[in-house]
There are 2 protein chains.
Amino acid sequence: QGTRDHAPAQTALRDRLLSAVVACFKRHGAAAIDTPVLELRETLMGKYGEDTKLIYELQDQGGELLALRYDLTVPFARYLAMNKVTNMKRYHVAKVYRRDNPATTRGRYREFYQCDFDIAGRFDPMIPDAECLKIVHEILSDLQLGDFVIKVNDRRILNGVFAVCGVPESKFIPACSTVDKLDKVPWEEVRSEMVGEKGLSPEAADRIGEYVQLHGGLDLIERLLQDPKLSQNKLAKEGLGDMKLLFEYLTLFGITGKISFDLSLARGLDYYTGVIFEAVLLHQENEHVEEPVSVGSVAGGGRYDGLVGMFDPKGRKVPCVGVSIGIERIFSILEQRLEASGEKLRTTETQVLVATPQKHLLAARLKLISELWDAGIKAEMLYKKDPKLLKQLQYCEDTGIPLAAIVGEQELADGVVKLRDVATREEVRM
Amino acid sequence: QGTRDHAPAQTALRDRLLSAVVACFKRHGAAAIDTPVLELRETLMGKYGEDTKLIYELQDQGGELLALRYDLTVPFARYLAMNKVTNMKRYHVAKVYRRDNPATTRGRYREFYQCDFDIAGRFDPMIPDAECLKIVHEILSDLQLGDFVIKVNDRRILNGVFAVCGVPESKFIPACSTVDKLDKVPWEEVRSEMVGEKGLSPEAADRIGEYVQLHGGLDLIERLLQDPKLSQNKLAKEGLGDMKLLFEYLTLFGITGKISFDLSLARGLDYYTGVIFEAVLLHQENEHVEEPVSVGSVAGGGRYDGLVGMFDPKGRKVPCVGVSIGIERIFSILEQRLEASGEKLRTTETQVLVATPQKHLLAARLKLISELWDAGIKAEMLYKKDPKLLKQLQYCEDTGIPLAAIVGEQELADGVVKLRDVATREEVRM
């Protein structure tokens, strides 16, 4: 439940999608690493907040207690700490596992691919962070998924907001995970969860509400930098200063048109410490609708400067920022689009079918195809001793093989091969 | 334990290796499929003989009872049956899991890649089987791993041997798994296991010994076809007849020089029903040694005509034959070879570093690199506001970036970029 087989057509589409994502990661100079699907259970515990319950655990069959990785970020941090790497730009495309309620039509599975790009190391502020946003912008543009917006916020700004609204520090994380729901439910509901479940005062909730419903660009950053309360808060000031710098860099990249500084963005995971972001596709259901409707997040990430230190015996920190591309949701969209278009994706790359028009020519086919393979040519033949020529040509048409190399008795006698273009039926002897 | 992280250099080497294998699979017209790492526990049970105890099971956290796949063959058979596919040529490159004793220096891990190519469908005999052997031959030749031999046998011949030697049918499988040890231990030990643990009569064991120590080519097949006892056994006769046909096809492929019909080859798994094979590298430890020493199996496979039927509610069979490339052992060899050569593999593909020779030029770098990325050029820059030019050029040398695109105050004023060849130090303004 919540997993699926990929048939050849789906695998071909997925390979195309993953290639586009990996091409972007390589364009930005990332190296690839690979880590095991299995991690020690203790490595994963305490990193995912409420979602820790969704981790798949292996049975204790003797030896270490193991679990399946929940994302690629925690294994990356573990890798950096274990190998004492303090500086690295890497990508990792691999499957992760979550015991979540599957919603397969919307592309939510229990086993799914993640495509992660991360920059680890101590650098001048916001340069790697800006590159992560540029990457999201490039990938979503390349894939032609339609209009999108990348929401950006900063955990320090959020925490500053909570502080100036009178939330005690112990309640920052629960408040954060409640704010995170604002993209799905209206403020009224979020407010009542804050006051009810999370035990904030109604006044604090109302004050929070004034901030977290704001979104905009450089203008909003400037306004909040002047905000009498926020500007007094050290964390918020730092966050807003960096946000301003980020917007400067994004302006140089020419992508601010798709960026929204959005104070309602919180992101669920515990480990973020600075900039956070999330890309959503905007889908104009019909032209008369005024507000574009969001079809959900397709990329997300942020800065996590404390995670690597959790795995280092001396707690040495390695600042990191990274992005994860939500390939499954994008795959669902592309799959539906392909289906609607009626286009048939080739599942093989075969260039030529080796065929014979008469009986008793299996040996000739085997010799020829062997020569073709040895010459690096992608070639197939039917696994029959005496197939009909029509069947062989039909196979080419069904599977999209463009050429047939035909050896009949005449060709054998003349020492030639007849090469046939399957679509045009043109033939040349060679 | 028994798993490992792959650092960038290892990942780059592995990608190169996997690309070569996949290129061969595509050359033979295979489509790719993907199946989940998780399978229902019941799917895997009873398919691997004694090795079933090596399967990783997931904890029962509610819902289905799950296990990690042990190979890619059983999931493929499950896929065919579930989707009622009766005809398919597919490859699958993915990780599998075995709770075995790891021997990491020899490339034996608990998590490791398998590269499988299989042909499913009802075809004329031995044509797909011959192609599988051709594939092993191509891959081992392509990778230049040194001399190798592909041992071939047939489960029907082995069972025929057991029958004519007086082994009761109920003991065929145990006898088979004992014979399989002949590549590691001398006949005397195998014989005593047969008589002791497996309860065969000493006479039967001796008779078996006469057969399973034979190996050769077409001549041996012909001889056994004339063997007074074996030629009376229906299974053996079928197997030998097909083996003769196989050798005919392999002769047309021109690869019999590396093929050895070897009656000691048994292969451990339960599901094989016909041809079986295994490729081993031959390693001349030193020139004075007379017999080449085997460094172990790097590919194996065979025919399994009954496995798909085990997953079909009506037991409908789909004949299959396939090969699995033992990528980990090959990887270990290539890794050691690379280390010995001192060659440094590039881990990124970056073409150009965007650099500045003076201070206060971060904006110029960000603008230029953004243009390069948008033009599809693989580009990096240092994440510092004001890096020294020497540091930037040093980074190129360390990571193998061939070009530096330099924008200084003069270049900015002139509206040009200085492109520097890092190795030759040649520069052009453009």
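The values are calculated or read from the model by the stated rules, or taken from the named source; none is laboratory data. None of the values given here were measured: they were computed from a predicted structure. Please note: Cβ atoms are built from the backbone with ideal geometry, for glycine as well, and neighbour counts cover all protein chains shown.
Looking at the range A:43-62 only, could you name the residues that are without any contact (Cβ under 8 Å) to a residue 60 or more places away in the chain, part of a helix (DSSP H, G or I) and farther than 30 Å from A:Gln336 by Cβ?
If the condition is that a residue be without any contact (Cβ under 8 Å) to a residue 60 or more places away in the chain, part of a helix (DSSP H, G or I) and farther than 30 Å from A:Gln336 by Cβ, then A:Leu44, A:Thr52, A:Lys53 are the ones that fit.
Which of the residues that make up the range A:1-17 are at the interface with chain B (Cβ under 10 Å from one of its Cβ atoms) and in contact with a helix residue (DSSP H, G or I) (Cβ under 8 Å, 6 or more places away or on another chain)?
Those that are at the interface with chain B (Cβ under 10 Å from one of its Cβ atoms) and in contact with a helix residue (DSSP H, G or I) (Cβ under 8 Å, 6 or more places away or on another chain): A:Gly2, A:Arg4, A:Asp5, A:His6, A:Gln10, A:Arg14.
Can you find even one residue in the range A:63-83 that is within 28 Å of B:Ala81 (Cβ to Cβ) and part of a loop (DSSP other than H, G, I, E, B)?
no
Looking at B:Val308, B:Val323, which is the one that is under 26 Å from B:Val280 (Cα atoms) and away from chain A (no Cβ under 14 Å)?
B:Val323
Out of all the residues in the range B:219-250, which are under 20 Å from A:Ala363 (Cβ atoms) and surrounded by fewer than 18 Cβ atoms within 10 Å (Cβ to Cβ)? Can you show your working first?
Of the range B:219-250, the ones under 20 Å from A:Ala363 (Cβ atoms) are B:221-222, B:241-250.
Residues satisfying the conditions are B:Glu222, B:Gly241, B:Lys244, B:Leu245, B:Glu248.
For A:Ala340, work out the one condition from (1) surrounded by 12 or more Cβ atoms within 10 Å (Cβ to Cβ); (2) at pLDDT below 95 it doesn't fulfil.
The number of the failed condition is (1).
How many of the residues in the range B:73-92 are among the β-branched types (Val, Ile, Thr) and within 11 Å of chain A (Cβ to nearest Cβ)?
Restricting attention to the range B:73-92, the residues satisfying the condition of being among the β-branched types (Val, Ile, Thr) are B:73-74, B:85-86.
Pick out the ones that are also within 11 Å of chain A (Cβ to nearest Cβ) and you get B:85.
Adding up the residues that qualify gives 1.
Consider A:Ser370 carefully, then state whether it is in contact with a Gly (Cβ under 6 Å, 6 or more places away or on another chain) and of a type in the set (Ser, Thr, Tyr). Walk me through how you get there before you give the answer.
Details: in contact with a Gly (Cβ under 6 Å, 6 or more places away or on another chain): no; of a type in the set (Ser, Thr, Tyr): yes.
Spelling it out, it is not the case that A:Ser370 is in contact with a Gly (Cβ under 6 Å, 6 or more places away or on another chain) and of a type in the set (Ser, Thr, Tyr).
Is it true that B:Gly62 is more than 30 Å from B:Glu138 (Cβ to Cβ), out of contact with any helix residue (DSSP H, G or I) (no Cβ under 9 Å at 6 or more places or on another chain) and more than 7 Å from every other protein chain (Cβ to nearest Cβ)?
yes
Of the residues A:Thr86, A:Thr52, A:Thr73, only one is among the polar types (S, T, N, Q) and in contact with an Asp or Glu (Cβ under 9 Å, 6 or more places away or on another chain); which? Give the steps one after another, and end with the answer.
Details: A:Thr86 fails: in contact with an Asp or Glu (Cβ under 9 Å, 6 or more places away or on another chain); A:Thr52 fails: in contact with an Asp or Glu (Cβ under 9 Å, 6 or more places away or on another chain).
One residue alone meets the criteria, A:Thr73.
Taking interchain pairs and intrachain pairs at least six residues apart, which have beta carbon atoms under 6 angstrom, with the first residue in the range B:239-263 and farther than 20 Å from B:Leu281 by Cβ and outside any helix (DSSP H, G or I) and the second basic (Lys, Arg) and modelled with pLDDT of 95 or more?
Cβ pairs passing all conditions: B:Phe253/B:Lys134.
Hey, any hits in the range B:357-366 for a residue that's away from every other protein chain (no Cβ under 13 Å), in contact with a helix residue (DSSP H, G or I) (Cβ under 6 Å, 6 or more places away or on another chain) and of a type in the set (S, T, N, Q)?
Yes: the range B:357-366 contains one or more residues that are away from every other protein chain (no Cβ under 13 Å), in contact with a helix residue (DSSP H, G or I) (Cβ under 6 Å, 6 or more places away or on another chain) and of a type in the set (S, T, N, Q).
Among (1) within 13 Å of chain A (Cβ to nearest Cβ); (2) out of contact with any strand residue (DSSP E or B) (no Cβ under 6 Å at 6 or more places or on another chain); (3) under 17 Å from B:Arg425 (Cα atoms), there is one condition B:Gln394 misses while meeting the rest; what is its number?
Against the list (1) within 13 Å of chain A (Cβ to nearest Cβ); (2) out of contact with any strand residue (DSSP E or B) (no Cβ under 6 Å at 6 or more places or on another chain); (3) under 17 Å from B:Arg425 (Cα atoms), B:Gln394 comes up short only on (1).
Yes/no matrix, rows are residues, columns are (1) touching a Pro at 6+ places or on another chain (Cβ under 8 Å); (2) within 14 Å of chain B (Cβ to nearest Cβ):
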| site | (1), (2) |
| --- | --- |
| A:Asn101 | no, yes |
| A:Arg108 | yes, no |
| A:Cys132 | no, yes |
| A:Ile135 | no, yes |
| A:Gly146 | no, no |
| A:Ile173 | no, no |
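Which of the following residues is at pLDDT 95 or above, in the same structural domain as A:Gly306 (by the TED database) and closer than 26 Å to B:Asp34 by Cβ: A:Tyr91, A:Tyr109?
Residue meeting the stated conditions: A:Tyr91.
Which ones in the range B:151-163 are more than 16 Å from B:Val195 (Cβ to Cβ) and not in a strand (DSSP E or B)?
As a first pass, look at the range B:151-163 and keep what is more than 16 Å from B:Val195 (Cβ to Cβ): B:151-161, B:163.
Listed by number, the residues that qualify are B:Arg155, B:Arg156, B:Ile157, B:Leu158, B:Asn159, B:Gly160, B:Val161, B:Ala163.
Out of all the residues in the range A:362-413, which are of a type in the set (S, T, N, Q) and closer than 25 Å to A:Lys344 by Cβ?
Within the range A:362-413, A:Gln392, A:Gln394, A:Thr399 meet the criteria.
Hey, can you tell me all the residues within the range A:188-230 that are under 16 Å from A:Ala266 (Cβ atoms), part of a helix (DSSP H, G or I) and under 32 Å from the mean Cα position of the chain (by Cα)?
If the condition is that a residue be under 16 Å from A:Ala266 (Cβ atoms), part of a helix (DSSP H, G or I) and under 32 Å from the mean Cα position of the chain (by Cα), then A:Glu189, A:Val190, A:Arg191, A:Glu193, A:Met194, A:Ile208, A:Gly209, A:Tyr211, A:Val212 are the ones that fit.
Taking the options B:Leu246, B:Leu269, B:Leu225, name whichever one is under 19 Å from B:Cys320 (Cα atoms), at pLDDT 95 or above and of a type outside the set (Lys, Arg).
Details: B:Leu269 fails: at pLDDT 95 or above; B:Leu225 fails: under 19 Å from B:Cys320 (Cα atoms).
Residue meeting the stated conditions: B:Leu246.
Which condition breaks for B:Gly166 when tested against (1) within 14 Å of chain A (Cβ to nearest Cβ); (2) closer than 22 Å to B:Lys234 by Cβ; (3) of a type outside the set (Lys, Arg); (4) part of a loop (DSSP other than H, G, I, E, B)?
(1)
Check off (1) more than 20 Å from the chain's Cα centre (by Cα); (2) free of Cβ contacts under 8 Å to residues at least 12 places away in the same chain for B:Ser19 and give me the number that stays unchecked.
B:Ser19 satisfies every listed condition except (1).
Rundown of residues vs (1) closer than 25 Å to A:Leu18 by Cα; (2) out of contact with any Gly (no Cβ under 9 Å at 6 or more places or on another chain); (3) charged (D, E, K, R), yes/no style:
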position: B:Arg4; (1), (2), (3): yes, yes, yes
position: B:Ala9; (1), (2), (3): yes, yes, no
position: B:Arg16; (1), (2), (3): yes, yes, yes
position: B:Ser19; (1), (2), (3): yes, yes, no
position: B:Arg27; (1), (2), (3): yes, no, yes
position: B:Thr43; (1), (2), (3): no, yes, no
position: B:Gln59; (1), (2), (3): no, yes, no
position: B:Tyr70; (1), (2), (3): no, yes, no
position: B:Val74; (1), (2), (3): no, yes, no
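Filter the range B:18-42 for residues that are surrounded by fewer than 21 Cβ atoms within 10 Å (Cβ to Cβ) and in a helix (DSSP H, G or I); which is nearest to the other protein chains (Cβ to nearest Cβ)?
Among them, the one singled out is B:Lys26.
Please return the ranges of helices (runs of 4 or more DSSP H) entirely within the range A:355-430 where 2 or more residues are touching a Ser or Thr at 6+ places or on another chain (Cβ under 7 Å) and crowded, with 17+ Cβ neighbours inside 10 Å.
Of the helices (runs of 4 or more DSSP H) lying wholly inside the range A:355-430, those with at least 2 residues that are touching a Ser or Thr at 6+ places or on another chain (Cβ under 7 Å) and crowded, with 17+ Cβ neighbours inside 10 Å span A:362-374.
Could you check how many residues of the range A:330-354 are in a helix (DSSP H, G or I) and not acidic (Asp, Glu)?
Restricting attention to the range A:330-354, the residues satisfying the condition of being in a helix (DSSP H, G or I) are A:330-341.
Filter once more, keeping what is not acidic (Asp, Glu): A:330-334, A:336-338, A:340-341.
The qualifying residues number 10.
Tell me, which residue of the range B:1-17 that is surrounded by fewer than 18 Cβ atoms within 10 Å (Cβ to Cβ) and in a loop (DSSP other than H, G, I, E, B) is modelled with the lowest pLDDT?
Filtering first and then ranking leaves B:Gln1.
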